[in-house]
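The values are calculated or read from the model by the stated rules, or taken from the named source; none is laboratory data. All of these numbers come straight from a predicted model, not from anything done at the bench. When we count neighbours, we look across all protein chains shown, and the Cβ atoms used for this are built from the backbone with ideal geometry, even at glycine. Note: areas computed on protein heavy atoms with side chains; ligands, DNA, RNA excluded. Shrake-Rupley method; radii C 1.70, N 1.55, O 1.52, S 1.80 Å.
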Amino acid sequence: MNGLKKAFVGALAQALEQDAASLEASIVRPPDSKLGAFAFPCFSLAKALRKGPPQIAADIAAKVVAPEGTSVVAAGPYLNLVLKPCVLARMAVTSSLSLDPTGSVTESGKGRTVLVDYSSPNAGKELVYHHIRSTVIGAALCRLYGAAGWKVVAVNHLGDWGTQFGKLILMWLREHGMDQEKSLVDLGSVTLSDLNRMYVGFKPAAAEDPTLEEDARLWFARLEAKEAFARTCWERFIEVSKTELNKVYVRFGARFDHFLGESFYEDKLDATIARIAKAGILEESEGAQVVHVGENIPPCLIRKRDGATLYATRDLAAAIWRHEHFGCDRALYVVDAGQSLHFKQVFAVLERMQEPSAKACIHVPFGLVLGKGEDGNWSKVSTRSGTGSPLPAVMDMAAVEIGKTIRALALQKESDLTDSDIESLSESIGVGALVFNELKNKRLVDTKFDLEAILSFSGDTGPYIQYAHVRLSSILRKATKPLNPAKARWELLCEPETDAVLACLSQFGERIDQAVEANEPSLLSQYALELAEKVHSFTHHHRVLDVDATPERLLLVEAARRTLSRVLTILGLEAVERM
RNA sequence: GCGCCCGUAGCUCAGUUGGAUAGAGCAACGGAUUUCUAAUCCGUCGGUCGUGGGUUCGAGCCCCGCCGGGCGUGCCA
């Protein structure tokens, strides 16, 4: 497709006697694929040629030598490159059929490395529904970059350090009558919900007995001093947390190359601060040590008055360490938009330190998860609306609801899906629906948690797209003739609905690249919806099996199925074959 | 106060980096099923793109002001 664009530009350049490079930037996609594959707007030439744009378009159309298999037609002020139907069909189908199911789709990122910091929850607590955002967006970005040929390093910056672990150790001891021996014995069977209970229970307990706050600080100090008991408890708490986290990550298809939590950077903080000082930008302000980063933003706090380090200090140490070890061209921080100021400060400090990592760092912000309140208005997390519920519980609920729907429809259609089929499909479709809901809109738009709408089989939903893939798979299952692109009569793929699918398929690569450049998975989600719509329309209007055009239509069906499957996989939905 | 984000159909949102007649889904209404999964498709209804200026051959998109909403703002993460 790219070669075609170049040929178009080349032909125009020759007709206009102009430089090709300057023309290429102004080439656009027509709003409707029926108009052509590419278009050149003639407005900018009006002044120089002292003619109206439509006249210019007509003049060039008369003069230009169209590339083989195409025609260049004037349409008002535009020059459109129209492909002969068989050319578009051959190009779109053959390139889709050559898609590697797991390899890259484009090569735009070849030789470059991206680090993606995502999910990064606090350890010792259960995941709450809103944690879905960073997890799902980050995982999609990892696969998206991979599809564009990048080397991807996925990192989970786990919140595994701080006074909250002093609190947990203390609460654990209290639950065992302050008997260390006894509490160590029980440590093997501690669960994440135990940790969560203790975490939540600390606040009321401390309200009753204020000395607990000081005790918790003490226990954290012992942990920092690597005291054996504290250390053993902490290690076990982290292990339990990771085990539970991984269960969720598996369900989302989220993958990490490294768990490098905050504790990992603890012994690197002094060196980091020394480096900041050496750069001559560390200043004393109101007893704290800060770095000034600009007129309109507050300074970045590096060390508190009491000497303790802060969130920003750890992020600086992490940015520097990661850059030295992974050498990435881009480092994405998939973190909610509420932390924009924090990252602005941290990146500015890196800039002032003249760290090479400064240029690589990109904050990829996203909006909130809103739930419907009792008043019917959308508002921030609440347990009642479901947005404050534990994430695994919501995932289970989604799977159960989808299971009911599939079971009812399977009965109605007398399908031969077994119970275990339905169980595994419910998981794929239920979780897929949640994933798609998080990815379908621009990251910065707040997502609305409306389970009924999310799980609907009609509308802009995950199930709608998965169903398109199911219909294609179903046709291919019943096909008996082998696919043979070499003998295809491409001119038979000529109906409007067929053409729409072909045009959509031909855009796959550029959509991937656009999504990567904008760090915006929703660009691919929107593409998935477009493709699914066109597939549904095609399969509805045209019969594939047992007709004259069967060999060609089967090729189209397989091309569309492969592309749709790849898109679903990148987004994090399973391309199921039945439902 | 200051900073950032958002404002497009009754509701939820797209709008391909400034180009062709502003598009989908949901809801409502009307159609299509002897046919490969109709969980679908086709149609109708629905818009002063928050508002007032500016730049441009051309603005939903860029610049400035205002209105409305959200988030964040020095010792939490």
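Residue-by-condition table, conditions (1) under 30 Å from residue A:437 (Cβ atoms); (2) within 11 Å of RNA strand B (Cβ to nearest atom):
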residue: A:544; (1), (2): no, yes
residue: A:551; (1), (2): no, no
residue: A:558; (1), (2): yes, no
residue: A:562; (1), (2): yes, no
residue: A:567; (1), (2): yes, no
residue: A:570; (1), (2): yes, no
residue: A:574; (1), (2): yes, no
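With (1) open to solvent by 30 Å² or more (accessible area, probe 1.4 Å); (2) within 25 Å of the chain's Cα centre (by Cα); (3) within 10 Å of RNA strand B (Cβ to nearest atom) as the list, and residue A:370 as the residue in question, which single condition is left unmet?
The one condition residue A:370 does not meet is (1).
Take the residues in the stretch A:15-30 that are buried (at least 16 other Cβ atoms within 10 Å of the Cβ) and not charged (D, E, K, R), then tell me which one is nearest to RNA strand B (Cβ to nearest atom).
A:30
Of all residues in the stretch A:116-135, count the ones that are in contact with a Pro (Cβ under 7 Å, 6 or more places away or on another chain) and not in a strand (DSSP E or B).
Number satisfying all stated conditions: 3.
Restricted to the stretch A:324-342, and to residues that are more than 10 Å from RNA strand B (Cβ to nearest atom) and part of a helix (DSSP H, G or I), which residue is surrounded by the most Cβ atoms within 10 Å (Cβ to Cβ)?
A:326
Mind checking which residues of the stretch A:505-523 are within 11 Å of RNA strand B (Cβ to nearest atom), buried (at least 21 other Cβ atoms within 10 Å of the Cβ), part of a helix (DSSP H, G or I) and not small (Gly, Ala, Ser)?
Correct list: A:516 only.
If we scan the stretch A:244-253, do we find a residue that is over 35 Å from the mean Cα position of the chain (by Cα), modelled with pLDDT of 95 or more, open to solvent by 20 Å² or more (accessible area, probe 1.4 Å) and aliphatic (A, V, I, L, M)?
Within the stretch A:244-253, none of the residues are over 35 Å from the mean Cα position of the chain (by Cα), modelled with pLDDT of 95 or more, open to solvent by 20 Å² or more (accessible area, probe 1.4 Å) and aliphatic (A, V, I, L, M).
Tell me, which residue of the stretch A:294-306 that is open to solvent by 30 Å² or more (accessible area, probe 1.4 Å) and under 14 Å from residue A:282 (Cβ atoms) is nearest to RNA strand B (Cβ to nearest atom)?
A:304
Closer than 30 Å to residue A:82 by Cα and surrounded by 20 or more Cβ atoms within 10 Å (Cβ to Cβ): is that true of residue A:469 in this structure?
yes
Quick check on the stretch A:547-557. Is at least one of its residues assigned to a helix (DSSP H, G or I), open to solvent by 10 Å² or more (accessible area, probe 1.4 Å), modelled with pLDDT of 95 or more and within 20 Å of residue A:34 (Cα to Cα)?
yes
Mind listing whichever residues of the stretch A:109-136 are farther than 22 Å from residue A:148 by Cα and among the aliphatic types (A, V, I, L, M)?
Passing the criteria: A:123, A:127, A:128, A:132.
Looking at the stretch A:442-466 only, could you name the residues that are crowded, with 17+ Cβ neighbours inside 10 Å and among the polar types (S, T, N, Q)?
A:447, A:461, A:466
For residue A:68, which of the numbered conditions (1) open to solvent by 70 Å² or more (accessible area, probe 1.4 Å); (2) in a helix (DSSP H, G or I) fails to hold?
The one condition residue A:68 does not meet is (2).
Go through the stretch A:458-503 and report how many residues are of a type outside the set (S, T, N, Q) and not in a helix (DSSP H, G or I).
The qualifying residues number 11.
If we keep just the residues of the stretch A:31-50 that are farther than 18 Å from residue A:20 by Cα, touching a residue at least 12 places away in the same chain (Cβ under 8 Å) and not hydrophobic (A, V, I, L, M, F, W, C), which is nearest to RNA strand B (Cβ to nearest atom)?
A:36
How do the pairs read when you match residues in the stretch A:51-78 that are under 12 Å from residue A:40 (Cβ atoms) with residues anywhere that are near RNA strand B (Cβ under 9 Å from one of its atoms) and hydroxyl-bearing (Ser, Thr, Tyr), using Cβ under 9 Å and keeping only pairs 6 or more apart or on different chains?
A:53/A:44; A:53/A:78; A:57/A:78
In this structure, does residue A:444 turn out to be outside the structural domain of residue A:566 (by TED's automatic domain parsing) and near RNA strand B (Cβ under 9 Å from one of its atoms)?
yes
Restricting to the stretch A:347-365, and then to whatever is more than 9 Å from RNA strand B (Cβ to nearest atom) and under 25 Å from residue A:132 (Cα atoms), can you tell me which residue is least open to solvent (accessible area, probe 1.4 Å)?
Only one residue fits best here, namely A:364.
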